[in-house]
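So the structure is just underneath, and the comments pick up after that.
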Amino acid sequence: MARIASRQRRYIAPALGMAMALLLSGCAAGKISQTANQVPAIDGSSATVNGLGIRDARLATTSDLSYPVGSDIPVLFWLSNDKLEVETLTGLSSTSAASIELSAPLQVQGKSLVEVGLKTPVTATLKGLTEELHYGQTIPVTFTFANAGAVTIKLPITIPPERTEVRPTENILPEHGKDIWFGGGEHAEGEEGSDAGHAESTTGGVNETSVVDDSAASHG
């Protein structure tokens, strides 16, 4: 019986250790995980206020390097309503523009998602930009809802899928010369010339030696 009990303890101890390791790793994953601080790969900004989510909010792209003062810019975003009640976006405003106009009040049904874009039923347009805006810069925009309240977020310009201007292509690599391993290029020609000169000097040395030998034989 003692042998059986010791054998059982020998199997139970590793099993308990594995169970504790799984338990501890499961608890830590929710607190400090690799995905805890990841953000979506989108150009726009996001915020949430009282169950209303503003997602991928941004300004439309421009074919120039910036928006000049006085520009009218389409505002693009998504609204997500996590509540059961209907919510209404009553207005938009910004300290960097004269006004932001909604084409109509925007209602968001409960548990639904609505887009505001360039060709959607409801559009938003920033009017009279008060300062020049470049790519990489942002402007504050306040979203006001009937029930959820107001929230201010910073909107960037949408990055275009391609370059907005024609730029010359610079070749930073040196030009390829002739193949130096098969008789081409300056290096190979130099080697051939040095080999020829070496052969000539060798031949000249042989002739000079033979002349010396002949004169010695005649004196003998």
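Values in this text are rule-based calculations from the coordinates and carry no lab data. For clarity, every value in this text was computed on a predicted model and none was experimentally measured. Every residue, glycine among them, receives a Cβ derived from its backbone with ideal geometry; neighbour counts consider all protein chains shown.
Compute the distance in nm between two label points, each set 7 Å from the Cα along the Cα-to-Cβ direction, one at residue 134 and one at residue 82.
Roughly 3.8 nm, to one decimal.
So if each residue of separation counts as 0.36 nm, and I subtract the Cα-Cα distance between residue 175 and residue 50, what length gain in nm does that give? Walk me through the numbers before you get to the answer.
On the way: separation 125, 0.36 × 125 = 45.00 nm, distance 6.25 nm.
Computed gain between residue 175 and residue 50 is 38.7 nm.
Tell me, what ³J(HN,Hα) does each residue in the range 85-91 have, in order and in whole Hz, if you take phi through Karplus 6.51 cos²θ - 1.76 cosθ + 1.60 with θ = phi - 60° and put x for Gly and Pro?
7, 6, 10, 10, 7, 8, x
Once amide H atoms are built 1.01 Å from N in the peptide plane, which residues 5 or more positions from residue 51, or in another chain, come under 5 Å H to H?
For residue 51, no residues qualify.
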